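> Encoded as structure tokens, here's the structure I'll be asking about.
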Amino acid sequence: MTLQTETEATPRGLSRRPVERIVALVLIALAAIVLYDSYGRGAGWDNGPENGFFPARVGWIFLAASLFILVQSFRSPQDGVFVSYEQLGQVTRVLGPLILFVALIQPLGLYVASSVFILVFMSIVATSRWWSIVLTAILVPLVCFWVFELQFRVPLPKGPLETALGY
Amino acid sequence: MDDFASLMAGFQVALSWHNIGFMAVGVVLGIVVGVLPGLGGPNGVAILLPLTFGMDPTSAIILLSSIYWGALFGGAITSILFNIPGEAWSVATTFDGYPMAVQGKAAEALTAAFTASFIGALSGVILITFVAPLVASFALRFGPAEFFAVFLLTFCSFIGMGRENRAKILASLCIGFLLAAVGLDSISGDLRMTFGSTELMRGFDFLVVVIGLFGVSEILLTVEEGLVFKGKQAKIDLRVVFRTWASLPRYWATLLRSAAVGMWMGVTPGGAIAASFMGYGIAKRFSRNPGSFGKGNIEGVLAPETAAHAAGTSALLPMLALGIPGSATAAVLLGGLLVWGLQPGPLLFIEQKEFVWGLIASMYLGNLAGLIIVLATVPLFAAIMRVPFSYVAPVILIVCAIGAYTISNSIFDIWLMLGFGIIGYVFKKLDYPLAPLVLALVLGDRAEDSFRQALLGSGGSLNVFAANGLVGTLVVLAMLLLLWGPVTDLIGAARGKGRQPEKPAAAE
């Protein structure tokens, strides 16, 4: 099936095999860290299993599985596209503003940050008129505030604006 | 008979206005969650879970399980009208559902899907009503070794029966176990794998992981395909509903087969996704004209929906009776039970009778309410899908962030959610299954505890896992399930493909 799709025009992009290998290598590194940590604390028997006993055994299985995945990636005959550059572009257009959003929560509080997030994201996507973007950016945080702060009484991170308003 | 009385008492609990209200709210929220990409069943439940910490556990679980029912129903709407499966388990529904919608039979397809879902769910609930108490009372005799054997059975059947690459299922399970081990060790009181970080001392909360893996990653996958959805119109009027219902008895055999497949797949953690594909495949094989499948055959809608819901519902049986969830959403609900201070497992049926039977009764009522609500409100939810995704995506992401934060009021958790979102995106693209990871993360500590206690009791000898007939049978069964997949692969290879079968790396 994969072969059939490959005879059609495949979009350019990151191919799958290197990503597969990188992930396998990361998993192997993780397994090594786990084993190092577990044996460092003791993975043997000391009047009962020590606290590294179970993670160490899982770690060995994990190491074996990820080594196997690595070997597999060298043996698999076909190579597809992991993500085309066009798709990657779309994903970054969400991921970029999202990272900005999370970074802003600490200094500005969640409500202002989400307002900024909506403004940035919708301007980048640029499918809506400016006033509907602004309206969404104002309404969504207000609704969130009403639902979480006033109805469920869940305190969310707040920043200078909320302090100035007396919350 | 005793159980019947308990069930009736349960209906009394579930039928209070208070709880019916929660049921309706839950179902509606669940449908929204099921319709919107990026907010699946496990993720929706995970986001709302922290908000229910202060509620009475019975009401809370009724609310959350109703979200689960709603999500099961909602997945069908998008698959039929938009050819976009809102949930992985409704992929098989698109095969015949969307062609039906193209032919102008959308209302018929939707009615069939919802009714089939209801029948599937009902058979699952009936199974729970009668079998769960038996399983629970049987499981009262379990010691740590037996419990570990049941955990082993769960994980082995994941590996053996899974459709994905087995090494990847195994890796996914291991990641879950190891994430569960991070932080304070409950037995020795030592810190594990924190590497001096104070943030990691609390360990990884599975809710954060679920919101990242299922929510954020799903949004990233959805935007890949662009930001516009095109769908078919649908209005359901009562005439079509009754006409479709009148035609259903003709397909009793399909429904029955699918329900049976679903119940089996739900109890053993094969899950709703595999069940829906199997239900579809079996219906096609038994059908008198298999050629019409994929071109808008109503049986192709009935079969996967019945199976998916039977599985989704039955997945709660092992969760209630043994404390071992059969699906990712069941795993999240189980986490909820722990938060509310209820210890899932056989004792639940004795110590928390009212809670258990209230929940089971609410399953009957919740699904009925779900059927009615979903039939009445399809146009509304189809309209939600027409809201441009550039509005929906940021709102979903903000809600995910709020959900991650409220679990323990930590901004670090939002970063974790983001990280797991990216991990989930890469894993999904590389076909690493995510459900085993979540399951292992939820069960990790308890599996480890029972393993250690069993070994403590035996002085470190592994013979404890073959000490008596019960535990021995469970372990043998687990090994059989583990080897089932590789062996069938080998047979397939021996029949002439000549390709090396994928051996699981579980030999260690």
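> Please compute, for peptide B:207-220, the average count of beta-carbon atoms on other protein chains lying within 10 Å of each residue's beta-carbon.
Per residue, the number of nearby Cβ atoms from other chains is 1 on average.
> So, one more: Can you sort B:348, A:139 from fewest to most other Cβ atoms within 10 Å of each residue's own Cβ? Don't skip to the answer; put the middle values down first.
Values: B:348 22, A:139 12.
Result, fewest neighbours first: A:139, B:348.
> Here is a further query. Per residue of A:105-116, count partner chain C-beta atoms within 10 Å of its C-beta, then hand back the mean as an integer.
Rounded to a whole number, the mean comes out at 2.
> Give, to the nearest whole percent, the P(r) tail of chain A beyond 20 angstrom, counting all Cα pairs.
Counting every Cα pair in chain A, those more than 20 Å apart make up 71 percent.
> Where does helix A:110-125 land angle-wise versus the long Cα axis of chain A, in degrees 0 to 90, nearest 10?
Helix A:110-125 sits roughly 80 degrees off the main axis of chain A.
> Now for a different question. Quick check: the angle from helix A:53-75's long axis to the longest principal axis of chain A, C-alpha only, nearest 10 degrees?
Compared with the principal axis, the helix lies near 90 degrees.
> Moving on. Name the most mobile residue of A:92, A:136, A:127, meaning the one with the largest mean-square fluctuation, in a Gaussian network model of chain A with Cα contacts below 10 Å.
Judging by the Gaussian network model, the answer is A:127.
> Using alpha carbons only, what's the Rg to Rh ratio of region A:85-165 with Rh from Kirkwood?
1.03
> A further question follows. Quick one: net charge around residue A:105, please, counting Lys, Arg +1 and Asp, Glu -1 for every other residue with C-beta under 14 Å from its C-beta.
Neighbour charge sum, excluding residue A:105 itself: -1.
> Once you keep just the Cα pairs under 8 angstrom separated by 6 or more residues, what percentage relative contact order results for chain A?
Relative contact order, chain A: 21 percent.
> Right, next: Divide by every residue of chain B the summed helix terms, -39500 (n - 2.57) for each DSSP H run of at least 4, and state the resulting mean residue ellipticity at 222 nm, rounded to the nearest 500 deg cm²/dmol.
Mean residue ellipticity, 222 nm, calculated: -23500 deg cm²/dmol.
> Now, a different point. Taking residue B:295 as the anchor, which aspartates and glutamates have their alpha carbon closer than 19 Å to its alpha carbon, excluding any fewer than eight residues away along the same chain?
Counting by Cα, and skipping residues close in sequence, residue B:295 has these aspartates and glutamates nearby: B:96, B:108, B:305.
> At q = 0.13, 0.28 Å⁻¹, what log₁₀ I(q)/I(0) does region B:1-75 have when each alpha carbon counts as one equal point scatterer in the Debye sum?
The Cα Debye sum returns log10 ratios of -0.40, -1.15.
> Decide, for region B:277-434, between rounded, prolate and oblate: order the square roots of the alpha carbon gyration tensor eigenvalues as a ≥ b ≥ c, take rounded if a/c falls under 1.5, and otherwise choose prolate if a/b is larger than b/c, else oblate.
Oblate is the answer for region B:277-434, as a/c is 1.5 or above yet b/c matches or exceeds a/b.
> Jot down the per residue volume, in cubic angstrom and as a whole number, of the convex hull over the alpha-carbon atoms of region B:364-508.
It is 287 Å³ per residue.
> Aspartates and glutamates near residue B:168 by alpha-carbon distance under 18 Å, same-chain residues fewer than 8 away left out - which ones?
By straight Cα distance, residue B:168 reaches A:20, A:79, B:431, B:489, B:502, B:508.
> Follow-up question, since we're still on this one. Under a plain spin-label model, where a point goes 7 Å from the Cα along Cα-to-Cβ, how far apart in nm are residue B:141 and residue B:12?
The modelled label-to-label distance comes out at 3.3 nm.
> Relative contact order (percent) for chain B, with alpha-carbon contacts under 8 angstrom and 6 or more residues of separation?
Computed value for chain B: 29 percent relative contact order.
> Other chains' Cβ within 10 Å of A:92-100 residues: what's the mean?
5
> How large is the convex hull of the C-alpha atoms of the protein assembly as shown per residue, in Å³?
Convex hull of Cα atoms, per residue: 167 Å³.
> Apply 1/(1 + (r/R0)^6) to the Cβ-Cβ distance of residue A:150 and residue B:239, taking R0 = 60 Å, and write down the FRET efficiency to the nearest 0.05.
Using R0 = 60 Å, I get an efficiency of 0.85.
> Assign one of three labels to chain B, namely rounded, prolate or oblate, based on the Cα gyration tensor with a ≥ b ≥ c the square roots of its eigenvalues; rounded applies when a/c is under 1.5, prolate when it is not and a/b is larger than b/c, and oblate otherwise. Don't skip to the answer; put the middle values down first.
Working: a/c = 1.36, a/b = 1.30, b/c = 1.05.
Rounded is the answer for chain B, as its axis ratio a/c remains below 1.5.
> Moving on. Which value in deg cm²/dmol, rounded to the nearest 500, describes the helix-derived mean residue ellipticity at 222 nm for chain A, given -39,500 (n - 2.57) per DSSP H run of n ≥ 4 and division by the residue count?
Computed mean residue ellipticity for chain A: -23000 deg cm²/dmol.
> Now for a different question. What is region A:2-79's relative contact order, in percent, from Cα pairs under 8 angstrom and six or more apart in sequence?
Contact order relative to length: 36 percent.
> Hey, got the dipole for region A:39-109? About the Cα centre, +1 on K and R Cβ, -1 on D and E Cβ, debye to the nearest 20?
Its charge dipole is roughly 20 debye.
> Pop a pseudo-label 7 angstrom from the Cα along the beta-carbon direction at both residue B:431 and residue B:250 and give the gap in nm to one decimal.
3.8
> Can you give me the distance in nm between label points at residue A:14 and residue A:74, each placed 7 Å from the Cα along the Cα-to-Cβ direction?
Between residue A:14 and residue A:74, the label points sit 2.3 nm apart.
> Which one of B:60, B:244, B:291 is farthest out on the positive end of the charge dipole of the protein assembly as shown, using unit charges on Cβ (Lys, Arg +1; Asp, Glu -1) and the Cα centre as origin?
The residue sitting farthest along the positive end of the dipole is B:291.
Coordinate-derived values only; no laboratory data. What you see is a predicted model, and the numbers here were worked out from it, not measured in a lab. Glycine gets a Cβ as well: all are built from the backbone with ideal geometry, and neighbour counts include every protein chain shown.
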